[in-house]
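S.K.: For reference, the structure I am asking about is given below.
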Amino acid sequence: MWPGGAAGSSVLKIWPRSPAFSSGRSRAGTRLVDTLRVFLDCDGSVGATSRALFLHVNSLRHRLARIEAVTGRNPLRFEDRVALAVAMWTQDNRR
């Protein structure tokens with residue numbers, strides 16, 4: 001069981017509905033989504049993600065903090081990272 005309720009309802013509340021984040025229309029929103037994708041692909045490794053994105057580690061940590069501010073989930077915590085991954089998968093597979 002996910003913290004905060006049933007799995008389905010909790011996951012859908014994670015992904016922000018703001019057009020800047022979800023649709024990728026803004027440059028910052030696209031950058032955050034891309035950062036989260038690479039971070040998840042690197043299994044939550046800050047070092048590997050910063051190398052993959054050619055970012056300084058502090059810049060990556062700042063982006064992860066912005067993702068937490070937007071979603072309310074800390075990508076550095078395992079449970080939140082799993083919830084973000086499921087939310088991203090759900091968003092990608094919506095038809």
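The values are calculated or read from the model by the stated rules, or taken from the named source; none is laboratory data. For clarity, every value in this text was computed on a predicted model and none was experimentally measured. Note: ideal-geometry Cβ built from the backbone for every residue, glycine included; neighbour counts use all protein chains shown.
S.K.: Scan segment 46-54 and give yes if some residue there is assigned to a helix (DSSP H, G or I), modelled with pLDDT under 60 and out of contact with any Gly (no Cβ under 9 Å at 6 or more places or on another chain), otherwise no. So that I can check it myself, show each step before the final result.
M.R.: Kept after step one, since they are assigned to a helix (DSSP H, G or I), are these residues of segment 46-54: 46-52.
Next, from what is left, pick out any that are modelled with pLDDT under 60: none.
Scanning segment 46-54, I find no residue that is assigned to a helix (DSSP H, G or I), modelled with pLDDT under 60 and out of contact with any Gly (no Cβ under 9 Å at 6 or more places or on another chain), so the answer is no.
So that you can scan it fast, the table gives a plain yes or no per residue for (1) under 15 Å from ASP34 (Cβ atoms); (2) in contact (Cβ under 8 Å) with a residue 40 or more places away in the chain; (3) in contact with a Pro (Cβ under 6 Å, 6 or more places away or on another chain); (4) not acidic (Asp, Glu):
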position	(1), (2), (3), (4)
SER50	yes, no, no, yes
LEU55	yes, no, no, yes
ARG66	yes, no, no, yes
GLY72	no, yes, no, yes
PRO75	yes, no, no, yes
ASP80	no, no, no, no
ASN93	no, no, no, yes
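S.K.: Quick check on segment 57-73. Is at least one of its residues exposed (fewer than 15 other Cβ atoms within 10 Å of the Cβ), modelled with pLDDT under 95 and of a type in the set (Asp, Glu)?
M.R.: No, segment 57-73 has no match at all.
S.K.: If MET88 satisfies every condition in (1) modelled with pLDDT of 90 or more; (2) under 11 Å from the mean Cα position of the chain (by Cα) but one, which is the exception?
M.R.: Status for MET88: all satisfied but (1).
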